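Asks: To start, I am sharing the structure in question, which I have written as structure tokens.
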Amino acid sequence: MMASIGDFDPLNTRVPATKIEVTVSCRSLLDVDTFSKSDPGMYFGRTEVIDNTRNPDFVRKFVLDFFFEEKQNLRFDVYNVDSRSCNISKHDFLGQTFCTLGEIIGSTGGRLERTLSGIPGKKCGVIILSAEELSNCRDIATMQLCANKLDKKDFFGKSDPFLVFYRSNEDGTFTICHKTEVIKNTLNPVWQPFTIPVRALCNGDYDRTVKVDVYDWDRDGSHDFIGEFTTSYRELSRGQNQFNVYEVRQEMEMCLMIFVVFFVNSNFISNRTQLNFTVAIDFTASNGNPSQPTSLHYMSPYQMNAYAMALKAVGEIIQDYDSDKLFPAYGFGAKMPPDSKISHAFPLSGDSENPNCVGIEGVLEAYFQSLRTVQLYGPTNFAPVINKVANCAAEITDGSQYFVLLMITDGVISDMVQTKEAVVNAASLPMSIIIVGVGPAEFDAMEELDGDEVRVSSRGRLAERDIVQFVPFRDYIDRSGNQVLSMARLAKDVLAEIPDQLLSFMKSRSIEPRPAISSSPLPGLHRHI
């Protein structure tokens, strides 16, 4: 399904009255597959693809800024997805509808039902759009569930169970908000822990009913219903105890194994944990001459280069949680004027006493200015910048500050031994490292630092935590050339592990979320990195 919005302000110069979450479902879609049901998906806003169904309830939502005084036009297109192509024209069109955001909000119960059209002579089915004002709650809950003695639904084996979470609506209906993975061939599943925004689960109302359905997965989409139970966020937040054991059906129990609340709302960030964001950019000669279009640092008047895109994508999200918006920004691998000394941690601002830039736009401006003044050289050394940020993180480990270092590079690390040692040392500190690889180079060695599979070690010492997330930017580039979509995909993946990494540090030090304190700003310790 694809949705596009007209009459919006691309510069975000207005203050939105409120944020609205729009949920999408469809019924009786055209069956265009010969041997299976349609596999509808959404673009812009693009939902997940749901296999083999003509009646999809999409989990992924649209969050839109609502302006009461304006007409905000929406278009929803439904497609049958039969390949991995990102080009929407490669998929079968199933129908479309037009409406305004105001129409959805103003409909009874915030629920608008429209007939899909667009294919002459065909009944395209129905689209159901639901809208709800989002609360300001920014808390995130991490939970894990297990079940015992579920029904055996498969003839030749055990069940393949998965869970579907729904939040209740004011009109008594339910809105889907999460699906777990499928656990194959078991009656006693233990699902992986998952993280969900509290407002997605209950929109900030802790006593709102949460319904959980248990299904046995079938390949053809006709999943068998096993049972259900209801609870609330308040009940779930009691954690693993006798209150969080639920009867799904007679003699069948569902229990909550782990429950952790991770606060990431603006109150928590400013009053409890301040995120400090630092940038480091690769200025080695392997990037190519910045004046040539073939260079990864080339400054085209028409579009951003990969470095700028990666920086803007990650930085614009992180900066919301950094109260003073002052970001230390460094370059590495360049010869510096006037004496042509090689530096692996030079401030992009040009001021060794003050490496800070004002906002992400300030970092970009300093980056472009540095390209005009330094000589790209080498080698590609990571350890100096990592150690610089780690030294600052080591000064305050009480949970009030957490440091995120974004490193953008085009090549293989030259000081891998020293970098591993720096990462192992940093793993015991309130710090995370994001590495984005740009360009066509092979980044196999980078995977050694990303401890998802094997924890990083140095001199026989294992890293205390996994703090490194590495991604090659080329995996996120939209084939149609849509830079906004490429940046959104990148940001979503590289920032996905930050909450867990922050939480892992807090848990390792037995640091509990503290109550809100005075709104006076915390000391900007990162200003002196």
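Asks: For Arg208 and Ser117, compute 0.36 nm times the residue count separating them, minus their Cα-Cα distance, and round to one decimal in nm. Kindly include the intermediate steps, with their values, before the conclusion.
Replies: Details: separation 91, 0.36 × 91 = 32.76 nm, distance 3.61 nm.
Contour length minus the Cα-Cα distance gives 29.2 nm.
Asks: Order the following by accessible area, largest value first: Glu442, Glu464. Probe radius 1.4 Å; ligands, DNA and RNA are ignored.
Replies: From most accessible down to least: Glu442, Glu464.
Asks: Please report the accessible area of Lys211 (heavy atoms, 1.4 Å probe, ligands and nucleic acids excluded) in Å², nearest 10.
Replies: 30
Asks: Here's another thing I want to ask about it. In whole Hz, what ³J(HN,Hα) sequence does region 501-510 give by Karplus (6.51, -1.76, 1.60; θ = phi - 60°), x for Gly and Pro?
Replies: Along region 501-510, the couplings run 5, 4, 5, 5, 5, 4, 5, 5, 10, 6 Hz.
Asks: Let me ask something else about it. Applying a 10 Å radius around every beta-carbon, put 50-62, 185-197 in order of their mean neighbour count, most first.
Replies: Those peptides, ordered most packed to least, come out 50-62, 185-197.
Asks: Also, quick follow-up: Ser480 to Ser300: FRET efficiency via 1/(1 + (r/R0)^6), r the Cβ-Cβ distance, R0 22 Å, to the nearest 0.05? Don't skip to the end; give the middle numbers.
Replies: Numbers: r = 18 Å, r/R0 = 0.81.
After rounding, the FRET efficiency stands at 0.80.
Asks: Could you give each residue of region 187-202 its phi-based ³J(HN,Hα) in whole Hz, using Karplus coefficients 6.51, -1.76, 1.60 with θ = phi - 60°, and x for Gly or Pro?
Replies: 9, 10, x, 10, 7, 5, x, 9, 10, 9, x, 4, 6, 6, 7, 8
Asks: Another one. Which FRET efficiency, nearest 0.05, do Asn136 and Thr397 yield, Cβ-Cβ r, R0 41 Å?
Replies: 0.85
Asks: Only bridges with both residues in region 274-509 count here: give the DSSP antiparallel percent, nearest 5.
Replies: 30
Asks: Give the peptides 365-371, 328-334 in descending order of average Cβ contacts within 10 Å, highest first.
Replies: 328-334, 365-371
Asks: Measure off 7 Å from each Cα along the Cα-to-Cβ vector at Lys152 and Arg249, then give the distance between these two points in nanometres to one decimal.
Replies: It is 1.3 nm.
Asks: Could you compute the FRET efficiency for Asp218 and Arg455, with r as their C-beta to C-beta distance and R0 at 45 Å, rounded to 0.05?
Replies: 0.75
Asks: Subtracting the Cα-Cα distance from 0.36 nm times the residue separation, let me have the gained length for Thr173 to Phe98 in nm, one decimal. Numbers along the way, then the final one.
Replies: Details: separation 75, 0.36 × 75 = 27.00 nm, distance 2.40 nm.
24.6 nm is the gain from fully extending Thr173 to Phe98.
Asks: Would you mind putting 275-281, 393-399, 117-123 in packing order, based on average other-beta-carbon counts within 10 Å, highest first?
Replies: 275-281, 393-399, 117-123
Asks: How much length is gained if the chain between Ser28 and Arg234 is pulled fully straight, taking 0.36 nm per residue apart and subtracting their Cα-Cα distance, in nm to one decimal?
Replies: On the way: separation 206, 0.36 × 206 = 74.16 nm, distance 3.66 nm.
My answer for the length gained is 70.5 nm.
Asks: Between Asp444 and Thr195, with labels modelled 7 Å along Cα→Cβ, what's the label distance in nm to one decimal, could you check?
Replies: 3.1
The values are calculated or read from the model by the stated rules, or taken from the named source; none is laboratory data. Computed from a predicted model, the values in this text were never measured in an experiment. Cβ sites come from the backbone with ideal geometry, for glycine too, and all protein chains shown count toward neighbours. SASA here: full protein model, heavy atoms, side chains in, ligands and nucleic acids out. Shrake-Rupley method; radii C 1.70, N 1.55, O 1.52, S 1.80 Å.
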